[in-house]
Amino acid sequence: MKTVLITGCSSGFGLETALLFLDKGWSVIATMRTPHDDLFRPSDRLRVLPLDTTDQDSITAAIDAAGPIDVLVNNAGIGMLSAVEGTDMAQIRAIFETNTLGTIAMTKAVLPAFRQRRSGVIVNVNTSTTMKPFPLFSFYSASKAAIIAFSDCLALEMKEFDVSVKVVIPGQAETRFAENAQSRASDGIPAAYADFAEKALAGLGAPSATTRIKDVTEAIWRAATDPNCPDHLPAGADAWALANAAPQTSPPQTQTK
Ligand SMILES: NC(=O)c1ccc[n+]([C@@H]2O[C@H](COP(=O)([O-])OP(=O)(O)OC[C@H]3O[C@@H](n4cnc5c(N)ncnc54)[C@H](OP(=O)(O)O)[C@@H]3O)[C@@H](O)[C@H]2O)c1
């Protein structure tokens, strides 16, 4: 029986991904900062472990307790909607600490065993905001875009050892995420940006296509189990629309003296 360890299982994609892998007969290690026993029906294939991905001791303890795993799903993440000028360095460090360094630290924690066994899959849950610039998403998108570059380089390193690294790229979905991001940004929009931010947020509020939680859990399942899955897998109609849009590149610059 295969085993998956998933971060951020207290809600949203993480919780639903844990339930999907349980339904598929896998052994699931559902990790979360504050374990809740009432989220899952009891199962002898389920373990709920405490794990804060920004705390190295917590990572080491969870990986030791987990034992051998076949798939790591780096799902834990936080959002932030704020103007660059209105965001202080502590808030910026916090989002990179979770979305970027937390993912990297979890990945480093499983690599030695994956390399020695010459098997394993790492699935990093990213965001479609890395495919097109959106105002007020600078830090969130930057913290996630760094993981795309990290994953692509790591995939080349780990191919040598038969370990895969995949990125699942969801669009906008209805989880607690938007609410969490807005509360984190409550003081992040200075008065001079208020009108602009109102218009930008109104534009985000009525998308023509969105992502269902099921789109994301199925994409994570495919990334974990299908050897032919592309390295980057969009999840949801809006994410696919962005992926299929013409690449947004700047015109070539002409050098002038
Ligand atoms: N929903 C969307 O529209 C959307 C779109 C694209 C990508 N995503 C990505 O999808 C992932 C899951 O988000 P979601 O939509 O399911 O939102 P969510 O319901 O807010 O879930 C986020 C999860 O991450 C956990 N988490 C946050 N910081 C953590 C830390 N330091 N250590 C461990 N766990 C931590 C949260 O746990 P606590 O309960 O302890 O806070 C929660 O379980 C994120 O990486 C997000 O960037 C979401």
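Could you go through the stretch 39-53 and let me know if any residue there is closer than 20 Å to F177 by Cβ, in a loop (DSSP other than H, G, I, E, B) and among the polar types (S, T, N, Q).
Checked against the condition, which is being closer than 20 Å to F177 by Cβ, in a loop (DSSP other than H, G, I, E, B) and among the polar types (S, T, N, Q), the stretch 39-53 yields at least one hit.
Only residues that are within 10 Å of the ligand (Cβ to nearest atom) and in contact (Cβ under 8 Å) with a residue 40 or more places away in the chain were counted across the stretch 34-51, and they come to 1. Candidates are the residues of the stretch 89-141 that are surrounded by fewer than 23 Cβ atoms within 10 Å (Cβ to Cβ) and among the aromatic types (F, W, Y); the one that is farthest from N180 (Cα to Cα) is F134.
Starting from residues that are assigned to a strand (DSSP E or B) and within 16 Å of the ligand (Cβ to nearest atom), keep the ones in the stretch 113-128 and report whichever is farthest from the chain's Cα centre (by Cα).
The residue in question is I122.
Could you look through the stretch 12-33, keep only residues that are touching a residue at least 12 places away in the same chain (Cβ under 8 Å) and among the charged types (D, E, K, R), and pick out the one that is nearest to the ligand (Cβ to nearest atom)? Walk me through how you get there before you give the answer.
Initial filter on the stretch 12-33 (touching a residue at least 12 places away in the same chain (Cβ under 8 Å)): 12-22, 24-33.
Now drop any that are not among the charged types (D, E, K, R), which leaves 16, 24, 33.
Numbers: E16: 8, K24: 19, R33: 4 Å.
Applying the filter and picking the extreme gives R33.
Quick test of your reading of the structure: L204 fulfils all but one of (1) away from the ligand (no atom under 13 Å from the Cβ); (2) at pLDDT below 95; (3) surrounded by fewer than 19 Cβ atoms within 10 Å (Cβ to Cβ); (4) hydrophobic (A, V, I, L, M, F, W, C). Name the failing condition by number. Failed condition: (1). Screening I169 with (1) in contact with a Gly (Cβ under 8 Å, 6 or more places away or on another chain); (2) within 9 Å of the ligand (Cβ to nearest atom) gives one miss only, at (1).
Rundown of residues vs (1) surrounded by fewer than 17 Cβ atoms within 10 Å (Cβ to Cβ); (2) at pLDDT 95 or above, yes/no style:
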site: A209; (1), (2): yes, no
site: I213; (1), (2): no, yes
site: T217; (1), (2): no, yes
site: D226; (1), (2): yes, yes
site: L242; (1), (2): no, yes
site: A246; (1), (2): yes, no
site: S250; (1), (2): yes, no
site: Q253; (1), (2): yes, no
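Scanning the stretch 129-166 for residues that are away from the ligand (no atom under 12 Å from the Cβ), polar (S, T, N, Q) and within 24 Å of E16 (Cα to Cα) returns S151, S164.
Number of residues in the stretch 1-11 that are touching a residue at least 60 places away in the same chain (Cβ under 8 Å) and either surrounded by fewer than 20 Cβ atoms within 10 Å (Cβ to Cβ) or among the hydroxyl-bearing types (S, T, Y) (or both): the value is 4.
Please verify whether the stretch 136-152 includes one or more residues that are of a type outside the set (G, A, S), out of contact with any helix residue (DSSP H, G or I) (no Cβ under 9 Å at 6 or more places or on another chain) and at positive phi.
Residues of the stretch 136-152 that are of a type outside the set (G, A, S), as a first pass: 136-137, 139-140, 144, 147-148, 150, 152.
If we keep only those that are out of contact with any helix residue (DSSP H, G or I) (no Cβ under 9 Å at 6 or more places or on another chain) too, we end up with 152.
Cutting the leftovers down to at positive phi gives us none.
Within the stretch 136-152, not a single residue is of a type outside the set (G, A, S), out of contact with any helix residue (DSSP H, G or I) (no Cβ under 9 Å at 6 or more places or on another chain) and at positive phi.
The set of residues in the stretch 52-84 that are within 9 Å of the ligand (Cβ to nearest atom) and within 17 Å of A145 (Cα to Cα) comprises N74, N75, A76, G77, I78, G79. Residues of the stretch 2-29 that are touching a Lys or Arg at 6+ places or on another chain (Cβ under 7 Å) and aliphatic (A, V, I, L, M): L22, V28, I29. Cβ-Cβ below 9 Å, separation at least six or inter-chain, first residue in the stretch 198-213 and over 11 Å from G171 (Cβ atoms), second in a loop (DSSP other than H, G, I, E, B) and within 11 Å of the ligand (Cβ to nearest atom): which pairs? So the pair list comes out as L204/Q172; I213/E174; I213/T175.
The values are calculated or read from the model by the stated rules, or taken from the named source; none is laboratory data. Fair warning: this is a prediction, and the values are worked out from it, not measured in the lab. Positions of Cβ are generated from backbone atoms using ideal geometry, with glycine treated the same way; all protein chains shown enter the neighbour counts.
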